[in-house]
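Readers should treat all values here as calculations from the given coordinates under stated rules, not as data from a laboratory. From a predicted model like this one, the values you see are computed outputs, not experimental measurements. Quick reminder, even Gly has a Cβ in these numbers, built from the backbone with ideal geometry, and neighbours come from all protein chains shown.
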Amino acid sequence: DPKIIQKPKYLVAVTGSEKILICEQYLGHNAMYWYRQSAKKPLEFMFSYSYQKLMDNQTASSRFQPQSSKKNHLDLQITALKPDDSATYFCASSQDLGFSGNTLYFGEGSRLIVV
Amino acid sequence: AQKVTQTQTSISVVEKTTVTMDCVYETRDSSYFLFWYKQTASGEIVFLIRQDSYKKENATVGHYSLNFQKPKSSIGLIITATQIEDSAVYFCAMREGNTGKLIFGLGTTLQVQP
């Protein structure tokens, strides 16, 4: 059974609309992340959270807003969607943030297509 | 800035043979951590193996092993006795400081044929 659950797995959205990507992890980890995978680009770090606090934001646009309602949840709200936002968004988690050696584990991804 | 480069776009091998995938990295950190992941056809990203820079021994997990050449800033992934199900895209990654941020390469597509 997957330990990091992402919902939905696929979604199609209209330009200008808003969507929320859900992520829950059942690994007992304290740090969670969002990464984005676009065509022809490497996996790209977006956000990191530790104990529900935002630690790092590498996303230039404020249209992307992570939300952590519980320790094991990290959702991603995307507003005013653009076709360039089309990508697969991966949630990940690790035991802790501060120890560089911690391994990241990834969810199965949410594939977003903006038309 | 840290950087990870995978120069091999794709590799095709016959099953049960050994394959090596290359990865070079750039960092100014004295201590760093290197990872290999694979992405299956379904899109799932699976952690395979990691190397801590302060360890001289090459990491080995199952039929995966690493060829860590620190002076060359190189971390190759070796898969022995390849199987059809090893067909996937393999990513090399380096962890940046204490941010939890992984820097990924572009990946190498491995096709294992019967």
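Over all Cα pairs of chain B, how is the pair count split among 10 Å bins, expressed in % and running from 0 up to the last occupied bin?
15, 49, 29, 7, 0
Whole-Hz Karplus ³J(HN,Hα) for the stretch A:77-87, in order, using 6.51 cos²θ - 1.76 cosθ + 1.60 and θ = phi - 60°, x for Gly and Pro?
With the stated coefficients, the stretch A:77-87 comes to 9, 10, 10, 6, 4, 10, x, 5, 6, 4, 5 Hz.
So which lysines can residue A:53 reach, going by Cα to Cα under 30 Å and dropping same-chain residues fewer than 8 places off?
Within the straight-line limit of under 30 Å, residue A:53 reaches these lysines: A:3, A:7, A:9, A:19, A:41, A:70, A:71, A:82, B:3, B:38, B:101.
If you average the sequence gap of Cα pairs under 8 Å that are 6 or more apart and divide by the length of chain B, what percent do you get for the contact order? All intermediate terms of the calculation are to be shown ahead of the outcome.
Values: 279 pairs, mean separation 42.0, N = 114.
Averaging sequence separation for qualifying contacts and normalising by length gives 37 percent for chain B.
Can you tell which of B:25, B:54, B:90 shows the greatest fluctuation in a Gaussian network model of chain B with Cα springs below 10 Å?
B:54
Could you tell me how far the Cα centroid of the stretch B:57-105 sits from the Cα centroid of the stretch B:1-15, in Å?
10 Å
How big is the protein assembly as shown by Rg and Dmax over its Cα atoms, in Å?
Rg and Dmax of the protein assembly as shown, Cα atoms, are 17.6, 52 Å.
Can you check what the net charge comes to around residue B:32, using other residues whose Cβ is under 9 Å from the Cβ of residue B:32 (Lys, Arg +1; Asp, Glu -1)?
Working: positive: B:95; negative: B:29, B:52, B:96.
Net of charged neighbours comes to -2.
For all pairs of alpha-carbon atoms in the stretch A:1-51, what percent lies in each bin of width 5 Å, listed from the first bin to the last filled one?
4, 14, 20, 25, 22, 10, 4, 0
Please express the Cα-Cα pair-distance distribution P(r) of chain A as a list of whole percents, one per 10 Å bin, running from 0 to the bin with the greatest distance.
Binned Cα distances yield the sequence 15, 50, 30, 5, 0.
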